[in-house]
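Participant: Dumping the structure here so I can ask a few things about it.
The values are calculated or read from the model by the stated rules, or taken from the named source; none is laboratory data. Remember, it's a predicted structure, so these values are computed and weren't measured experimentally. All Cβ positions, glycine included, derive from the backbone under ideal geometry; neighbour counts span all protein chains shown. Side chains included, ligands, DNA and RNA excluded: accessible areas come from the protein's heavy atoms. Shrake-Rupley method; radii C 1.70, N 1.55, O 1.52, S 1.80 Å.
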Amino acid sequence: MVLLLVLGIGSGRAQANPHTDPLNLDPVVRQGYEKLYNLDYDGALVFFNKVAQQHPQEPMAWNYVLIASIFRELYHQDLLDTTYYAHDSFLSNKRTIPVSAETRQQIESLTTKVIGMCDARISANSKDKNAYFARGYAKGIHAVFITLVDHSFASAARQGYQSRNDSEAALKIDPQYADAKMAIGIQEFAVASLPRWVRMIVGIMGVGGNKEGGLNMLRDSAAHGVVTGVESRTVMSLFLRHDARYAEALEVQRGLAAQYPHNYLFQVEVANLLKDSGRGNDAIAAYQHVLELAKTPGYFVDPRLQMAWFGLADTQRGYNDVKGAAYGYLQAAEQPTCSEWLRKRAQLNAGEMDDLLHDRAAAVSMYRMAAGPGVDQSQAEAAKRYLKTPFAGK
């Protein structure tokens, strides 16, 4: 274990690496990332806060705290279920995300802190590649947050572009700064994938993108990056899924799941990809396997079982296993950690299955909950319609 921490968890990269911020190779930082990649966000923050206290003048130290804080919140909001944004429909989704004022303030404060520290360093030394990378890293992470939580696409696009510019500046100083290639790869692919109307809305009509170029940058970051290797592979899998390149996405995702078998999201994503690729029976087996693993105490840290239950139910529905789908949707809705948004989706779908099973009383009960009071009203219209007229679709 000590050797792995010195080399970089599972990476085979030696500690002496002039092409990254030296702090990224600190054993305590590597321990924090191991916790992060196993979704133990609280555990990761213990290590990252320790690093920040020991290195308060280092912007990357605060970036570690920022990434763990942001992704902990996204995970708790069921926003790391990639089914939500693997397709373009999330661009027009009206979902409201109830982030606490305290959490939002912490994220904004950390982002501002890192950017301010980097601005000062770059002002003092325009060749500070680590400051350029750290600033781009903070802006890129924050762009993810405001995209998924606030649907602030214009602001996120600007931050993403700034993150790319900072990354390009770092690479201009050091062409082997592999971590900097992630932001460029993401921006290249994302811009090339955006519908024209979205480009017009967010004001990036003049910005070019290239899907294959973006994927190649991500591959390089995945192979050689110190703090972006796992993230780059995760993004690659998502992008490949978006473009229905399922075999390639599965290869990447299975590699992540094998390297981090206790990462609940990596395991569920394998099942998601099998489902999307039309391998329904394999997907059902994969979802069931994840749910079985979750029964072992401590195997996963805080598994959000609603993701697996909902994916399983969707797959069973596609195979006309209406009874199995009804049970799966109900299980998803009843998980104590389920977000209101996913719970109401599950309730609506459970009601639809109950209607198909001719259990009108159960269906009405589900529709009433889906249409009930709360912050999220995304399912209310359909639920009210089915309260009047039973669902008769598929």
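Participant: Considering only residues that are aliphatic (A, V, I, L, M), touching a residue at least 60 places away in the same chain (Cβ under 8 Å) and surrounded by 18 or more Cβ atoms within 10 Å (Cβ to Cβ), which ones fall in region 290-326?
Facilitator: Listed by number, the list holds a single entry, M307.
Participant: Identify, please: which residue in region 325-369 is assigned to a helix (DSSP H, G or I) and of a type in the set (S, T, N, Q) and is, among those, nearest to F391 (Cα to Cα)?
Facilitator: Here the answer is N349.
Quick grid of which residues meet (1) touching a Ser or Thr at 6+ places or on another chain (Cβ under 6 Å); (2) among the aromatic types (F, W, Y); (3) under 28 Å from S167 (Cα atoms):
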residue	(1), (2), (3)
G209	no, no, yes
R219	no, no, yes
A222	yes, no, yes
S237	no, no, yes
L240	no, no, yes
A271	no, no, no
A285	no, no, no
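Participant: Restricting to region 247-270, count the residues that are over 16 Å from the mean Cα position of the chain (by Cα) and part of a helix (DSSP H, G or I).
Facilitator: Looking only at that region, the number is 8.
Participant: Hey, among the residues in region 364-386 that are in contact with a Lys or Arg (Cβ under 7 Å, 6 or more places away or on another chain) and modelled with pLDDT of 95 or more, which one's surrounded by the fewest Cβ atoms within 10 Å (Cβ to Cβ)?
Facilitator: This residue is A371.
Participant: Sticking with this structure for a sec: Which one is surrounded by the most Cβ atoms within 10 Å (Cβ to Cβ), of the residues in region 152-162 that are under 24 Å from V99 (Cα atoms) and free of Cβ contacts under 8 Å to residues at least 60 places away in the same chain?
Facilitator: G160
Participant: Still on this structure, please answer the following. Select from region 247-269 the residues that are touching a residue at least 40 places away in the same chain (Cβ under 8 Å) and not charged (D, E, K, R) and write down the one among them that is surrounded by the most Cβ atoms within 10 Å (Cβ to Cβ).
Facilitator: First pass over region 247-269, keeping only residues touching a residue at least 40 places away in the same chain (Cβ under 8 Å): 259-260, 262-265, 268-269.
If we keep only those that are not charged (D, E, K, R) as well, we get 259-260, 262-265, 268.
On the way: Q259: 15, Y260: 19, H262: 17, N263: 21, Y264: 24, L265: 22, V268: 29.
By that ranking, first place goes to V268.
Participant: Give the residue that is modelled with the lowest pLDDT, with candidates limited to residues of region 61-80 that are of a type outside the set (A, V, I, L, M, F, W, C) and open to solvent by less than 20 Å² (accessible area, probe 1.4 Å).
Facilitator: Checked region 61-80; the qualifying residue modelled with the lowest pLDDT is D78.
Participant: Just the residues that are among the basic types (K, R) and touching a helix residue (DSSP H, G or I) at 6+ places or on another chain (Cβ under 8 Å), please, taken from region 239-265.
Facilitator: Correct list: R241, R254.
Participant: State all residues of region 215-246 that are outside any helix (DSSP H, G or I), open to solvent by less than 20 Å² (accessible area, probe 1.4 Å) and either over 25 Å from Q31 (Cβ atoms) or among the acidic types (D, E) (or both); if no residue qualifies, say none.
Facilitator: none
Participant: Can we say Y329 is among the hydroxyl-bearing types (S, T, Y) and open to solvent by less than 20 Å² (accessible area, probe 1.4 Å)? Spell out how you get there, then give the answer.
Facilitator: On the way: among the hydroxyl-bearing types (S, T, Y): yes; open to solvent by less than 20 Å² (accessible area, probe 1.4 Å): yes.
It is true that Y329 is among the hydroxyl-bearing types (S, T, Y) and open to solvent by less than 20 Å² (accessible area, probe 1.4 Å).
Participant: Please specify each residue of region 343-361 satisfying the condition of being of a type in the set (A, V, I, L, M, F, W, C) and surrounded by fewer than 17 Cβ atoms within 10 Å (Cβ to Cβ). So that I can check it myself, show each step before the final result.
Facilitator: Restricting attention to region 343-361, the residues satisfying the condition of being of a type in the set (A, V, I, L, M, F, W, C) are 346, 348, 350, 353, 356-357, 361.
Once the filter is applied, which keeps residues that are of a type in the set (A, V, I, L, M, F, W, C) and surrounded by fewer than 17 Cβ atoms within 10 Å (Cβ to Cβ), region 343-361 yields L357, A361.
Participant: Checking V2 against (1) among the hydrophobic types (A, V, I, L, M, F, W, C); (2) modelled with pLDDT of 95 or more; (3) over 16 Å from V226 (Cα atoms), which test does it fail?
Facilitator: (2)
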